[in-house]
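Enquirer: Quick one: the structure is below, questions incoming.
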Amino acid sequence: MSSNICWLCKLFREDENGISSKMSLEEVLQWSQSFEKLMTTKYGPVMYKTYLKTEYSDENIEFWLACETYKKIASRRKRISVARKIFKNYIQPLAPKEINIDSPAREAIIRNIQEPTQSCFDEAQRIVYMHMERDSYPRFLGSEIYQKLKHRFQSHSNDS
């Protein structure tokens with residue numbers, strides 16, 4: 001395993017501190033049913049983000065998760081602050097974690113960023129979700145990370 005992803009080892013430790021000790025075979029198998037199932041299970045987004053890091057495209061899920069959190073903000077003042085942070089990190093040209101969205105979506109956000117609504121990132125979030133679902137998700141299902149995790153749970157299940 002290359003040194004840039006050796007931190008994955010922590011996720012797969014057998015002890016009670018490893019995240020995989022908190023998952024179930026049922027949850028892991030649900031991830032292959034649909035991208036939506038992956039994203040709505042407890043540990044699916046964590047494992048998917050782990051995989052995206054190996055592809056150097058974890059900005060997509062980070063943006064998507066940031067938008068999910070953003071939509072729940074009730075305070076106008078906090079919403080403005082968080083919207084500007086999301087814009088600075090993911091939307092503005094040459095942002096440190098710039099996401100791949102089309103010009104109309106980017107321009108709409110630029111127009112609305114001064115008075116951001118709870119839905120101002122919805123179109124960009126939809127585009128990113130679609131990219132993840134169509135591009136990275138099928139690769140995730142075939143990845144060594146997912147296959148090893150699934151095999152490990154199936155082996156433990158057969159041993160019981």
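Enquirer: Can you tell which of LEU25, LEU65, LEU38 is of a type in the set (A, V, I, L, M), modelled with pLDDT under 90 and surrounded by 11 or more Cβ atoms within 10 Å (Cβ to Cβ)?
Expert: Just a single option satisfies the conditions, and that option is LEU25.
Enquirer: Just to verify a result, which residue in the range 105-160, among those that are without any contact (Cβ under 8 Å) to a residue 40 or more places away in the chain and of a type in the set (S, T, N, Q), is least open to solvent (accessible area, probe 1.4 Å)?
Expert: SER155
Enquirer: Hey, can you tell me all the residues within the range 66-97 that are of a type in the set (Ser, Thr, Tyr) and under 14 Å from ASN112 (Cα atoms)?
Expert: SER81
Enquirer: Something else about it: Quick check on my filter: what residues within the range 45-62 are more than 9 Å from the chain's Cα centre (by Cα) and open to solvent by less than 60 Å² (accessible area, probe 1.4 Å)?
Expert: TYR51, THR54, GLU55, SER57 - these are the residues of the range 45-62 that are more than 9 Å from the chain's Cα centre (by Cα) and open to solvent by less than 60 Å² (accessible area, probe 1.4 Å).
Enquirer: LYS78 versus (1) part of a loop (DSSP other than H, G, I, E, B); (2) out of contact with any helix residue (DSSP H, G or I) (no Cβ under 9 Å at 6 or more places or on another chain): which is the lone unmet condition?
Expert: Single failed check for LYS78: (1).
Enquirer: Kindly evaluate TYR70 against the criterion of being of a type in the set (Ser, Thr, Tyr), at pLDDT below 95 and under 17 Å from the mean Cα position of the chain (by Cα).
Expert: No; evaluated as a whole, the condition is false for this residue.
Enquirer: May I pose another question? Given (1) more than 21 Å from the chain's Cα centre (by Cα); (2) under 24 Å from LEU25 (Cα atoms); (3) open to solvent by less than 60 Å² (accessible area, probe 1.4 Å), identify the lone condition not met by ILE80.
Expert: Here ILE80 clears every test but (2).
Enquirer: Mind checking which residues of the range 95-104 are surrounded by fewer than 16 Cβ atoms within 10 Å (Cβ to Cβ) and either β-branched (Val, Ile, Thr) or part of a helix (DSSP H, G or I) (or both)?
Expert: SER103, PRO104
Enquirer: Return the residues of the range 83-94 that are surrounded by 13 or more Cβ atoms within 10 Å (Cβ to Cβ) and either at positive phi or β-branched (Val, Ile, Thr) (or both); say none if nothing qualifies.
Expert: ILE86, ILE91
The values are calculated or read from the model by the stated rules, or taken from the named source; none is laboratory data. The model shown is predicted, which means the values in this text are computed figures rather than measured ones. Glycine gets a Cβ as well: all are built from the backbone with ideal geometry, and neighbour counts include every protein chain shown. Only protein heavy atoms, including side chains, enter the accessible area calculation; ligands, DNA and RNA are left aside. Shrake-Rupley method; radii C 1.70, N 1.55, O 1.52, S 1.80 Å.
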